[in-house]
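Nothing in this text is a laboratory measurement; each read-out follows from the coordinates by a stated rule. The structure presented is a predicted model; accordingly, all values stated were derived computationally and were not measured. With ideal geometry, Cβ positions are generated from the backbone for all residues, glycine too; neighbour counts draw on all protein chains shown.
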Number of protein chains: 2
Amino acid sequence: MNEQHPLGPLVRRWSRHSSLTPSDRDAIIALPHVRKTFAKDAYMVREGQRTHECSLLLRGFAYRQKLLSNGSRQIISIHIPTEFVDLQNGILGVADHSVQSLDRCEAAIIPRDALLEIAARRPALRMAMWIDTLIDASIFREWVVNVGRRDARTRVAHLLCELVVRLEKIGMGRDGMVDFPLTQEQLADCTGLTAVHTNRTLQSLRKDGLIQLNARSLTVLDWERMREVADFDELYLHQEI
Amino acid sequence: MNEQHPLGPLVRRWSRHSSLTPSDRDAIIALPHVRKTFAKDAYMVREGQRTHECSLLLRGFAYRQKLLSNGSRQIISIHIPTEFVDLQNGILGVADHSVQSLDRCEAAIIPRDALLEIAARRPALRMAMWIDTLIDASIFREWVVNVGRRDARTRVAHLLCELVVRLEKIGMGRDGMVDFPLTQEQLADCTGLTAVHTNRTLQSLRKDGLIQLNARSLTVLDWERMREVADFDELYLHQEI
DNA sequence: CGTTAATTTGAGACCATTCAATTTCGGTGG
DNA sequence: CCACCGAAATTGAATGGTCTCAAATTAACG
């Protein structure tokens, strides 16, 4: 029963962009792993650390960040369940940034060698892994655009759109409403703004009837107009379905 | 003679991060390809285009960009000789952004299927390709940090550092002096600044005796201090040697 | 229900932008 | 070789978006 198995979601994710044989699916399910729970704000990976395993997020949210010498930080990406938070580290061998949990979350820890081994033996799976890292990269590119060339309002709206779409893709959320665990300060660190200005920007989006955001819950009220305001085109997410 | 062969530089680049057997090297050299010259400012890849081939830059510089609905643009990355400008497109199948030449340049156009085929048969080469795309992604992450959380001066300095280091790695440049084909407007589109402010920022770096920049030539005069000013740590380039 | 974290508000300062004009530079034709 | 041209670089002044700092309010949590 893949449906109940902790690695079932990974099978489903990879099936979306790669065509897997039944035996590929079995190979995923057979991956050795241990489940691990992380408290809120726990480090899942530390910058500079050598990698021996990869973490697949099963429940909860996580983010990747880089700290600057002047004390500020930039969040590089947000991760939602069914995603690897550090697949690239498993390949490059050393983490060039940290990963932290956004809330209490659960992950399947898979030995790096086990992943490399199924990658070596199973063309479809290695392609699926590669594609995962390429989609990651595509999202990074869009983030460069977001922080580089969009004003605060558009920038924040774009990030919200991305998260809602990604959450809906994995079935977490309906009618534009999703669980939303980011504080405004974290939102600010995603968008390169200050927390204060992020607050004012959110108020502006609220006032215009575009979103509703409170108590861990985000709703996009007018998807049509939101998409417009956010300059949002989801092609870069490469999620055809 | 790999030294004279157009794909020789690719052998050398991949050898830096992956260990290749002689037969791997031969397989690279045997890749079918055609040489193609691009005029200055020519499109090498267009956003939305389906991919049938990948371009390896042999001479000259190129950049990837995204255009926004408000008319502005963000440059996503700069590419120098020996790099693929669109390896990820070859895998994902559709280009989510454009690639343009920065000056007159020359590329080896390799059929996508030929690359996929050596990737399928040669573990070391597929790993080398994957690593290339992962290093790309790592650079994107650093760019997010750069435009997101650094002020103009640090931001521009950081970009200059990155380019000098990457150019020196491939033997183009000595003693901090490199061929530099970016206009200030393009520099601005890399850093999310305006051309005017980029100009003032460069002047400030010049005034402080950090760089010399004119007529397609950039020299870092005080590498120690420049590194400091730029908040530059090259770990993210993943170029051990 | 107290305590801390998160959000909100206000006012002033500043970094970067905008717009417009001027100067320099690289390339081209006479 | 010089005159010319358009592109690139430079300068100035005014505007504005975002930041900073500090305080007040609200929400989360044990």
**Prompt:** What's the Cα-based Rg to Rh of region A:165-240, Rh via Kirkwood?
**Reply:** 0.95
**Prompt:** Computed on alpha carbon atoms, what radius of gyration and Dmax characterise the protein assembly as shown, expressed in Å?
**Reply:** 22.1, 68
**Item:** Stokes-Einstein D (µm²/s) once Rh is taken as the Kirkwood radius of region B:62-147 over alpha-carbon pairs, at 10 °C in 1.306 mPa s
**Value:** 111
**Prompt:** How far is B:Met172 from the same spot in each other copy, in nm, shortest first, if each label point sits 7 Å from Cα toward Cβ?
**Reply:** 4.3
**Item:** Residues in region A:180-209 that a label on A:Lys40 would reach, taking backbone N under 12 Å of a point 7 Å out along Cα→Cβ
**Value:** A:181-183
**Message:** Give me the count of lysine pairs in chain A whose alpha carbons sit under 27 angstrom apart, restricted to pairs 8 or more positions apart or on different chains.
**Reply:** 4
**Request:** Mind checking the full-extension length gain between B:Arg104 and B:Arg16? Use 0.36 nm per residue of separation minus the Cα-Cα distance, one decimal, nm.
**Result:** 29.0 nm
**Message:** For a quick size check, give me the Cα extents of chain A along its three principal axes, largest first, whole Å.
**Reply:** 53, 40, 30
**Complete:** From DSSP H assignment alone, runs of 4+ in chain B each adding -39500 (n - 2.57), the sum over residues rounded to the nearest 500 puts [θ] at 222 nm at -14000 deg cm²/dmol
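Please compute one quarter of the surface area of the Cα convex hull for region B:8-129 and express it in square nanometres. Could the numbers behind the result be given before it?
On the way: hull surface 29.0 nm².
Projected over every direction and averaged, the Cα hull of region B:8-129 covers 7.3 nm².
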**Prompt:** Measuring from a point 7 Å out along Cα→Cβ, what nm distances, shortest first, does A:Pro123 have to its partners in the other copies?
**Reply:** 1.7
**Request:** In nm, give the distance between the simple-model label positions of B:Leu237 and A:Ala30, each being 7 Å from the Cα along the Cα-to-Cβ direction.
**Result:** 4.4
**Item:** For region B:103-187, alpha-carbon Rg over 2.2 N^0.38 Å
**Value:** 1.40
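Find the all-direction average of the projected area of the Cα convex hull for region B:115-241, expressing the result in square nanometres with one decimal place.
Mean orientational projected area (region B:115-241, Cα hull): 8.6 nm².
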**Message:** So the label point sits 7 Å from Cα along the Cα-to-Cβ vector; using that for B:Thr37, what distances do you get to the other copies, in nanometres, sorted shortest first?
**Reply:** 6.7
**Asked** Using the Karplus equation 6.51 cos²θ - 1.76 cosθ + 1.60 (θ = phi - 60°), what ³J(HN,Hα) coupling, rounded to whole Hz, does each residue of region A:209-217 give in order, writing x for Gly and Pro?
**Response** x, 8, 9, 10, 9, 6, 6, 6, 9
